[in-house]
Amino acid sequence: METYTYDVRMFKETFEYGFTYINGFMRNVHRFAHRPAVTCPLRNRTWTYAELNREVNRLAHALLGDEIGKNDVVMYQLLNSFEFVLSYLAPQKIGAINCPINYRLSPGETAFIIDDSQPAVFIYGAEIRETAEQALALARHKPKRIVMVDLNGDQQAPEAHVPFAEYVNNQPEDNPPIERPSHIYDETTRLYTSGTTGTPKGVINSLEVCKHL
């Protein structure tokens, strides 16, 4: 009978729960806490990994406050911005699915994607406010929470929409109390094709798996 020098179950446990994208991010937060992580040229500001993690946590806690959790979809339609980074990382901290969609999509295409993925939260940029409002009106599915990102801070959010700054205001900056938010085969990110040859198609992404819906 063969014997092993290590417990293969321990290896499986470590690999399947430890080698996730969000854990890789947290390792960088630990190793490079005071090094630059992201820069926003529009704000002329740079965040370190530690600062970025605190902002990610604020959004994660806001989502938890809306009872967003495992396998819920957080959809965001944003220009390249700091809030895009937060929207990518925060759902992964709580086991939710982040779903970025192109800000150049038409209202009809956006509405189709909203109905297809049925997001619990929809985040959009003030620059495409008109498109987002039309899409939300056309869509049969109505997200639980709608958040508007205003980089300049000079636009008022439509009725029933919450400004991003207000949504994360006074939220805790510590890591959310979820020890293992995801497994390497869990869906973490959902991408959509442009739909140039038909309707947009969703693609499931995890660390190990990429397959069409």
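The values are calculated or read from the model by the stated rules, or taken from the named source; none is laboratory data. All of these numbers come straight from a predicted model, not from anything done at the bench. So basically every Cβ, Gly included, is an ideal-geometry build from the backbone, and we count neighbours across all protein chains shown. These accessible areas exclude ligands, DNA and RNA; they are computed on the full protein's heavy atoms, side chains included. Shrake-Rupley method; radii C 1.70, N 1.55, O 1.52, S 1.80 Å.
Please identify every one of the trypsin sites (Lys or Arg not before Pro) in the range 113-160 that sits in a loop by DSSP and has no more than 15 other beta carbons within 10 Å of its own beta carbon. The partial results should precede the final answer.
Numbers: sites: ARG129, ARG140, LYS144, ARG145; in loops: ARG140, LYS144.
Of the trypsin sites (Lys or Arg not before Pro), the ones in loops of the range 113-160 whose Cβ has at most 15 other Cβ atoms within 10 Å are ARG140, LYS144.
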**Item:** Residue-wise HN-Hα coupling along the range 97-104, computed from phi with Karplus coefficients 6.51, -1.76, 1.60 (Hz; x: Gly, Pro)
**Value:** 10, 8, 9, x, 10, 5, 6, 8
**Prompt:** Pairing the Cα long axis of helix 21-31 with the longest principal axis of the chain, what angle in degrees results, from 0 to 90 and rounded to the nearest 10?
**Reply:** 80 degrees
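Take every Cα pair under 8 Å in the chain that's 6+ residues apart, average their separations, divide by the length, and report that relative contact order as a whole percent. It would help to have the intermediate numbers written out before the result.
Numbers: 346 pairs, mean separation 43.0, N = 213.
Computed value for the chain: 20 percent relative contact order.
Give a quick list of GluC sites (Glu not before Pro) in the range 53-112 that DSSP marks as loop, anything other than H, G, I, E or B, with at most 11 other Cβ atoms within 10 Å. Display every interim value, and only then the final one.
Working: sites: GLU55, GLU67, GLU83, GLU109; in loops: GLU67.
Filter output for the range 53-112: GLU67.
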**Considering only the chain, percent of DSSP beta bridges that pair antiparallel, nearest 5** = 40 percent
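Carbon-plus-sulfur fraction of the accessible area of the chain, 1.4 Å probe, in percent? Numbers along the way, then the final one.
Details: 5900 of 11920 Å².
C and S fraction of accessible area: 50 percent.
Give me the accessible area per residue for the range 36-139, probe 1.4 Å, as a whole number in Å². If you can, show how the numbers build up before the last one.
Working: 3950 Å² over 104 residues.
Using a 1.4 Å probe on heavy atoms only, each residue of the range 36-139 averages 38 Å².
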**Request:** Place +1 on the Cβ of every Lys and Arg and -1 on the Cβ of every Asp and Glu in the chain, take the dipole about the Cα centre, and give the residue among PHE82, THR48, PRO119 whose Cα lies farthest towards its positive end.
**Result:** THR48
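For the chain, what is the charge dipole size about the Cα centre, in debye to the nearest 20, if Lys and Arg each add +1 at the Cβ and Asp and Glu each add -1 at the Cβ? Kindly include the intermediate steps, with their values, before the conclusion.
Values: 21 positive and 26 negative charges, 70 e Å.
Using Cβ point charges on Lys, Arg, Asp and Glu, the chain gives about 340 debye.
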**Asked** In degrees between 0 and 90, to the nearest 10, how far off the longest principal axis of the chain does helix 49-65 point, with axes built from Cα atoms?
**Response** 70 degrees
**Asked** Based on the mean of other beta carbon atoms within 10 Å per residue, what is the order of 132-139, 24-31, 112-119, most packed first?
**Response** 112-119, 132-139, 24-31
**Complete:** For the range 132-149, in residue order, the Karplus 3J(HN,Hα) values (coefficients 6.51, -1.76, 1.60; θ = phi - 60°; whole Hz; Gly and Pro = x) are 5, 4, 5, 4, 5, 6, 6, 5, 6, 7, 10, x, 5, 9, 10, 10, 10, 9
**Spacing of the two label points (7 Å from each Cα toward its C-beta) at ALA165 and ARG27, in nm** = 3.7 nm
